[in-house]
Each structure stands twice: as structure tokens, then as C-alpha cells.
1. Out of the residues in segment 133-160 meeting the condition of being polar (S, T, N, Q) and in contact (Cβ under 8 Å) with a residue 60 or more places away in the chain, tell me which one is surrounded by the fewest Cβ atoms within 10 Å (Cβ to Cβ).
2. Scan segment 116-134 for residues that are more than 15 Å from ALA81 (Cα to Cα) and either part of a loop (DSSP other than H, G, I, E, B) or not hydrophobic (A, V, I, L, M, F, W, C) (or both) and jot them down.
3. For segment 166-208, what are the residues that are over 28 Å from ALA230 (Cβ atoms), assigned to a helix (DSSP H, G or I) and among the hydroxyl-bearing types (Ser, Thr, Tyr)?
4. Just checking, which of LEU163, LEU236 is in a helix (DSSP H, G or I) and either aliphatic (A, V, I, L, M) or surrounded by 22 or more Cβ atoms within 10 Å (Cβ to Cβ) (or both)?
5. Could you list all residues from segment 239-268 that are in contact (Cβ under 8 Å) with a residue 24 or more places away in the chain and part of a strand (DSSP E or B)?
6. Please state which one of ALA140, ALA158, ALA165 is in contact with a Gly (Cβ under 7 Å, 6 or more places away or on another chain), small (Gly, Ala, Ser) and modelled with pLDDT under 95.
7. Could you say which residue among LEU129, LEU163, LEU181 is out of contact with any strand residue (DSSP E or B) (no Cβ under 7 Å at 6 or more places or on another chain), among the hydrophobic types (A, V, I, L, M, F, W, C) and in contact (Cβ under 8 Å) with a residue 24 or more places away in the chain?
8. What are the residues in segment 52-101 that are in contact with a helix residue (DSSP H, G or I) (Cβ under 7 Å, 6 or more places away or on another chain), closer than 29 Å to ASP3 by Cβ and not in a loop (DSSP other than H, G, I, E, B), if any?
Amino acid sequence: MFDLIYRFDTSGNAKMPDPADALEARARLEAGNREFATITLLDEGTTNSRVVRLDASALGLADRNGLPPIQRPFAAVLGCADARVPIELIFGQAANDLFVVRVAGNVLGAECLGSLDYAVSNLGGSLKLIVVLGHTSCGAVAAAVEAFIHPHRYLDFATSHPLRAIIERILVAVRAAHRALEQIYTQDVEELPGYRNALHETSIAMNAAITAATLKNEFRESLGPHLDVAYGVYDLQTRRVGLQANSEPDIVRLLLPPSIAEGFDRLGKSIAQSESIRAMLHPTRS
């Protein structure tokens, strides 16, 4: 058993100082996720608790002479709308720490890009990092994978422009994931029993990386040590943010996206060769 306690502080000392740069912002998010992921790892019969201190003024609870709270997030996160991915909780952050944009499949449509552009343009005094967060077992990516494997299933979305727009954006990542799996396991990979699952999870990571790279290009004139773009995949089972390609599954890490095509090829191959993807391709092996 564990307790997660939100404590509202009216002293004005609850909010941590802004990270000095993008590297420090990444470290703070990683530390928050590491604590969130491990809070439940307890010995039987023991109780653990974590206290999240909230600056009461960030929620308008403290006396500010009738003025609304000032928006000062240190990171913006483009995440999936999936209800199992509570972004502030995952990263151990409080109100006014994160500028969160959520959409199915964490795809980058015009509205999402506009929201992030607002954050970059208007919150530059505090904003240090933009994060794209995918997650395992993503339903939107699963739909794109199904359309890729069985093209006639694309007709299921043909009459719905909004759904089609999501699927089409994710298909770019699915094609890249399929290419990586073919390069590692040959074209016969499609015949392996766990191909669909392996393609699904590889596509999730590639989708997050491609979207992060796109954002890096969109905001290239605003980026530097003071503001950068990173990505990661949240594992619904381990509650950790990382990537299948990590040799140590317990590692929490946000990654920088590749900047050139060869970098995406290397990333795809690295994911395809990971132990978790190999296990998906051969689910009957011990």
C-alpha cells in the first residue's frame, strides 16, 4: 500500500526554482518519473508515501489581490489522450509545472502545433523543454498498424476525416518501423507469430521520435541550451518512461530525437534488435 499526498502550501515556497536549462528540465522530469515508478515497489506489509507540494497560488488558492495565477511551466508535453497516461502524475509534477497538450496517438496536427507554438512564443521566460510522450499499447497506433497490415481496413476510416488524419500521420512511423524490422529479420519477419505486436510497439517509439524531430525542425530558431525537444515512451506496466532499445529496462530516460535520416534508421534498428521486441516476435520461446 502507498499514499500519494498533495499538500497545498500558501507560504509561497512550494514551487521549485525554474530549471536553468533544457538539460536540467529533462533531469527533473526523469527524477519525477523514477520516483513515481518506484513508489509501489514495497515489501509486503509496509506502507510508503510521497508528498507532492503544490504552490497554492498556482491554483488561485492564495491571496494575490484578486489576480489570476501567472502561468510558468518549465516543460511542454505533447502526449496521448489515453486515460491511463496521467502526464503530471507520471512525471511527479504539480500544477503550473507542465503545459500539456493531449491528443490520440500524440500526433502533431495543426491545433496541437499551434498550442505548442503559443507556449514557445509566450512562455519563453520559464519554458525549457518540449517533450513528446508516447505509451505502450497505444490504440491509435494499433489502428494504424492494422491499416498497414490489412490495407482494406483503411476503409473503416475513409468516411471520417478526423480519424483518417490521425491514422495517416501515424502511418509514417509504422512504415519506418516495418522497414527496421525487415532490415534486422529479413522480409520473412511478417511471417513470425508476434509480428503485429512487434510492429505495434516499434511504431509507438518511432512515432514519438518522428514527432519530436518534426517539432525540433518547426522551432529550430527558438532552440538552444535554454530550450530543447526530447521524447520517450511510457510503459503502462512498469510506469517508466524510456525506450525499448534500452539495454537496462529499469532505466528512466528522455531521449533527443535524431536529426538526420540515417539517425532514424539506426534508431529503428536499435529498437528492432531490443530484447523486448525479440520476445514479441517469438512469444512461445521461454
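The values are calculated or read from the model by the stated rules, or taken from the named source; none is laboratory data. Everything quoted here is computed from the prediction, not taken from an experiment. Cβ: placed from backbone, ideal geometry, glycine included. Neighbour counts: every protein chain shown.
1. Out of the qualifying residues, it is SER137.
2. ASP117, TYR118, SER121, ASN122, LEU123, GLY124, GLY125, SER126, LEU127, LYS128
3. TYR185, TYR195
4. Within the list LEU163, LEU236, the selection yields LEU163.
5. Correct list: VAL241, LEU255.
6. Every option except ALA165 fails the conditions.
7. LEU181
8. ALA75, VAL77, GLY79, LEU89, ILE90, LEU98, PHE99, VAL100
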